[in-house]
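Chemist: First, the structure itself, so that you have it in front of you.
The values are calculated or read from the model by the stated rules, or taken from the named source; none is laboratory data. A quick note: this is a predicted structure, and the numbers were derived from the prediction, not measured. Quick reminder, even Gly has a Cβ in these numbers, built from the backbone with ideal geometry, and neighbours come from all protein chains shown.
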Amino acid sequence: MSVSAVYSRILLNGAKAATLSALSDDAQAAVSAAISDLRALQADVSALSLFSSNESLRDISTRHLPYLAIPFVYAEIVTRRFTPEPDARLEVVRVAQANLNAYVNNIETLEIVSPEDRKLYSNSTASVNDPAQRRELKIRQYKAEKEVKSRVTALRSRLSSGGSDLDSDAETDFDLLRSLLPSSLQTGSTTADDDDEEDDDGAMRQTALMVLRLLYAHAHTNLTNLTQELELLRSAPPPPPGGSQATQPSDGSWRLDAPTFDRNGPLLDPSGKPLRPFTILPAGAAERSRLQSQVFGPGHSLPTMSIDEYLEIERQRGNIIEGGGQASADKLTSSEELQLASEDDGTAAAEEASEKKRLKDEAWAQYTDLHPKGEGNTMNRG
């Protein structure tokens with residue numbers, strides 16, 4: 001089988017593994033097959049001397065450009081291998097980092113990316129401590145990657161509309177690289193195609209270079225993620241001795257009590273780390289039951305009486321003023337009632353009302369004699 005056919009099969013297995021669950025048997029089978037083919041492909045590429053250290057980008061054939069991404073493909077596929085042991089995963093991360101760094105160095109050496117892109121992606125977002133600067137760096141990297149994606153899409157659409165067999169339904173990086181290979185080999189043909197014939201199609205070469213630039217951006221993103229994963233793996237606690245299942249005695253008669261904590265000591269250390277177990281709810285069962293009953297209750301206090309009941313209580317307390325309005329204005333005053341009642345001559349009620357009216361008028365006359373008009377106006381005389 002030719003080199004291109006093997007590469008196409010690797011990319012097909014990589015795309016299959018990328019679309020399946022990482023823990024599924026089909027995905028792991030595709031990863032294992034791709035890694036086995038990648039090792040053979042790397043040996044064939046080295047034997048054929050497709051690339052030389054003294055060659056420039058102009059000296060590399062268009063059909064050989066997709067092979068520059070072999071380290072990137074290897075790193076992407078090897079990280080999808082299921083490795084439950086921390087030591088094995090640590091080795092996988094290191095291998096992936098080495099391959100991604102090799103791909104980045106090759107792309108920069110051949111000057112496929114511009115100096116501006118090299119400067120932009122040379123700064124890792126994880127190394128920036130200032131949140132505002134880290135956010136600004138992420139935004140600039142995202143905009144640059146989005147621009148490259150749009151250019152790749154435009155170039156591939158132009159090639160597809162021009163009668164080329166370029167696949168326009170690529171979804172992953174593996175599909176993008178596979179679409180750059182000759183269409184006759186994407187179906188598994190074993191025809192030899194590793195001759196030195198130059199492909200002078202400028203659009204196809206430009207598309208291949210843009211895809212490599214896009215993978216360059218993805219490589220830097222993956223390197224940042226792998227660096228963070230490497231730190232987590234290094235700081236992970238070692239597994240317990242004797243396997244994952246710690247040996248526990250079946251007889252519980254001699255078990256030691258758990259270590260006690262200082263109940264009177266501080267709850268938190270200066271950094272905010274808890275020093276002993278604590279409960280937020282009170283210890284009393286009644287209080288805990290009361291709080292538990294309020295968990296699914298309303299967030300506000302409910303009324304305990306109706307509005308009519310509240311007004312009746314306020315009326316009994318004398319806090320409601322009654323009267324007023326037209327009915328109060330039409331009601332007779334006490335003097336007018338006495339005057340009206342005294343007009344009924346010959347009755348005891350009339351005589352009693354007349355006497356009350358006389359006493360009231362006499363009291364008022366005495367008051368006016370003792371307190372002449374203007375007596376209280378002592379400060380503002382005029």
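Chemist: Any residue at all in segment 103-121 that's aromatic (F, W, Y) and assigned to a helix (DSSP H, G or I)?
Modeler: So in segment 103-121, the residues aromatic (F, W, Y) come out as 103, 121.
Retained after the next criterion (residues that are assigned to a helix (DSSP H, G or I)): 103, 121.
Yes, segment 103-121 has at least one match.
Chemist: For the structure I just gave you, tell me whether A353 is in contact with a Leu (Cβ under 7 Å, 6 or more places away or on another chain), closer than 30 Å to W364 by Cβ and either surrounded by 10 or more Cβ atoms within 10 Å (Cβ to Cβ) or in the same structural domain as W364 (by TED's automatic domain parsing) (or both).
Modeler: yes
Chemist: Examine segment 185-193 for a residue that is in the same structural domain as K138 (by TED's automatic domain parsing) and at pLDDT 85 or above, and state whether such a residue exists.
Modeler: no
Chemist: A further question follows. When you scan segment 26-47, do you find a residue that is of a type in the set (S, T, Y) and crowded, with 22+ Cβ neighbours inside 10 Å, even just one?
Modeler: Looking for residues that are of a type in the set (S, T, Y) and crowded, with 22+ Cβ neighbours inside 10 Å, one finds none in segment 26-47, hence no.
Chemist: Would you point out the residue of segment 207-234, among those that are hydroxyl-bearing (S, T, Y) and within 25 Å of the chain's Cα centre (by Cα), that is nearest to E111 (Cα to Cα)?
Modeler: T221
Quick grid of which residues meet (1) among the small types (G, A, S); (2) over 29 Å from the mean Cα position of the chain (by Cα):
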{"site": "D87", "(1), (2)": "no, yes"}
{"site": "V93", "(1), (2)": "no, no"}
{"site": "A102", "(1), (2)": "yes, yes"}
{"site": "E111", "(1), (2)": "no, yes"}
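Chemist: Using beta carbons and a limit of 7 Å, which pairs, at least six apart or on different chains, have the first residue in segment 61-87 and within 14 Å of L226 (Cβ to Cβ) and the second one not in a helix (DSSP H, G or I)?
Modeler: From segment 61-87, the pairs are R80/A22.
Chemist: For a quick check of your reading of the model, give me the residue pairs whose first member lies in segment 4-23 and is in the same structural domain as R178 (by TED's automatic domain parsing) and closer than 13 Å to I77 by Cα, whose second is among the basic types (K, R) and buried (at least 23 other Cβ atoms within 10 Å of the Cβ), with beta-carbon atoms closer than 8 Å and at least 6 apart or on different chains.
Modeler: none
Chemist: Collect the residues in segment 32-48 that are closer than 21 Å to K16 by Cα and among the β-branched types (V, I, T), keeping them in residue-number order.
Modeler: Selection gives I35 alone.
Chemist: If you don't mind, there's one more thing I want to ask. Within segment 314-322, does at least one residue satisfy the condition of being farther than 30 Å from R358 by Cα, modelled with pLDDT under 85, loosely packed, with under 10 Cβ neighbours inside 10 Å and outside the structural domain of E355 (by TED's automatic domain parsing)?
Modeler: yes
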